[in-house]
1. Only residues that are in contact with a helix residue (DSSP H, G or I) (Cβ under 9 Å, 6 or more places away or on another chain) and open to solvent by less than 50 Å² (accessible area, probe 1.4 Å): list them for region 8-18, please.
2. Of these, 169, 213, 187, which one is open to solvent by 40 Å² or more (accessible area, probe 1.4 Å), in contact with a strand residue (DSSP E or B) (Cβ under 9 Å, 6 or more places away or on another chain) and at pLDDT 95 or above?
3. Which of the residues belonging to region 39-56 are touching a helix residue (DSSP H, G or I) at 6+ places or on another chain (Cβ under 6 Å), crowded, with 18+ Cβ neighbours inside 10 Å and not in a loop (DSSP other than H, G, I, E, B)?
4. Name the residue that is surrounded by the fewest Cβ atoms within 10 Å (Cβ to Cβ), counting only residues in region 216-251 that are in contact with a helix residue (DSSP H, G or I) (Cβ under 9 Å, 6 or more places away or on another chain) and β-branched (Val, Ile, Thr).
5. Scan (1) in contact with an Asp or Glu (Cβ under 8 Å, 6 or more places away or on another chain); (2) in a helix (DSSP H, G or I); (3) open to solvent by 50 Å² or more (accessible area, probe 1.4 Å); (4) farther than 28 Å from residue 170 by Cα for the single condition residue 77 breaks and write down its number.
6. Name the residues in region 57-74 that are surrounded by 17 or more Cβ atoms within 10 Å (Cβ to Cβ) and over 17 Å from residue 11 (Cα atoms), would you?
7. Could you pull out the residue among 60, 102, 90 that is aliphatic (A, V, I, L, M) and farther than 17 Å from residue 149 by Cα?
8. What pairs can you find where one residue is in region 198-214 and farther than 17 Å from residue 162 by Cβ and hydroxyl-bearing (Ser, Thr, Tyr), the other is open to solvent by less than 20 Å² (accessible area, probe 1.4 Å) and part of a helix (DSSP H, G or I), and their Cβ atoms are less than 8 Å apart, with a gap of 6+ or different chains?
Amino acid sequence: MTNLKVALQLYTLRDYDKEDFAAKLKKVREAGYDGVEFAGFDNIDAEEMKATLDNLQLAVMGSHTRIEELLTNLDEVIAYNQVIGSAYIVIPYYEMTSEEHVQTLIGIVKEIGPKIKAAGMDLLYHNHYHEFINDFGDKPILETLREATTEEELNFEIDMFWTTHAGRKPVEVMDQYGSRCKTVHLKDMVNLEDKEMTELGTGILDLSGIVAKAKSSNYEWVVVEQDRIKIDGYDSVKQSLDSVKAVLKSL
C-alpha cells in the first residue's frame, strides 16, 4: 500500500483570494497538508509558482481547469502543469442536460486526454450530483463517460459529497470505478435531509471507509474540499485535515 497523501483543493479558500497567494499556500502547509489542487493560478507564472511551492515543500496534486481553457489553450495548460509538477488536470464541471452535451464532452476528452497523457499526466473528470442522474438515457451520465472512454483518455476524481447526495454509497462507487478512479474529493454532509456541507468528521460521510479504500487501492492522493464554510476557512481546513489524519493513523 502507498503512503496516502492529503491535498487541499484551493477553491475551498477562495474567500481569501485577496490576500497574498504565497501567504495562503504557506498557511495551507502550516496546517499540515502535503499538497494542493489548484483552481486557478492568480496570474503567477509557472516558474515563480514552482519556486514558492518548493520553498514551502508543498507538492502539487493537480489543477482544476475550465473546459474552455482546455479547448483554447491546451498547450499552455499542459506546459504550466508540467512545470509545477501536477499529476492531474481536472475538468471541474460540465453542464450536461442532453445526450448531445454528453457526446460533445466525450469527443473533447478523446481529443485532449491522450495529449495530456503523453505529457505525463492524467485527465480527470470531477463529478457533481447531476452525473449520477440521467433524465434522457438509460444509465447515469458518469457511467456513459466511463464506458465511452479508455483509461488513456479519461479517468475520474469522484466527489464523495455529491456521490452521497445522489443516494450512492461512496466506497461502492470507488469499487465500481476501480483503477479509473484516481483520487477522491473528501467533503462531509451534515445529514441526508438538508444535504449541507460540513467539516470532515462532523457529518455522516463514511470517512474511515473511504480513506481505507483509497489506501488499499494505492491512491497517491485524497483531496479535501468544502464549497461552503460557516467558520473561519483556515480553521475549517485544519479541522478536516486532522480528521483525515486520525483515520490514517488508525489504519
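1. Listed by number, the residues that qualify are 8, 10, 12, 13.
2. 213
3. Across region 39-56, the qualifying residue is only 49.
4. 231
5. (3)
6. 70, 74
7. Working: 102 fails: farther than 17 Å from residue 149 by Cα; 90 fails: farther than 17 Å from residue 149 by Cα.
The match here is 60.
8. 208/247
The values are calculated or read from the model by the stated rules, or taken from the named source; none is laboratory data. Predicted model, so just to flag it, every value in this text is computed and none were measured. Here Cβ is always computed from backbone atoms with ideal geometry, including for glycine, and neighbour counts include all displayed protein chains. Note: areas computed on protein heavy atoms with side chains; ligands, DNA, RNA excluded. Shrake-Rupley method; radii C 1.70, N 1.55, O 1.52, S 1.80 Å.
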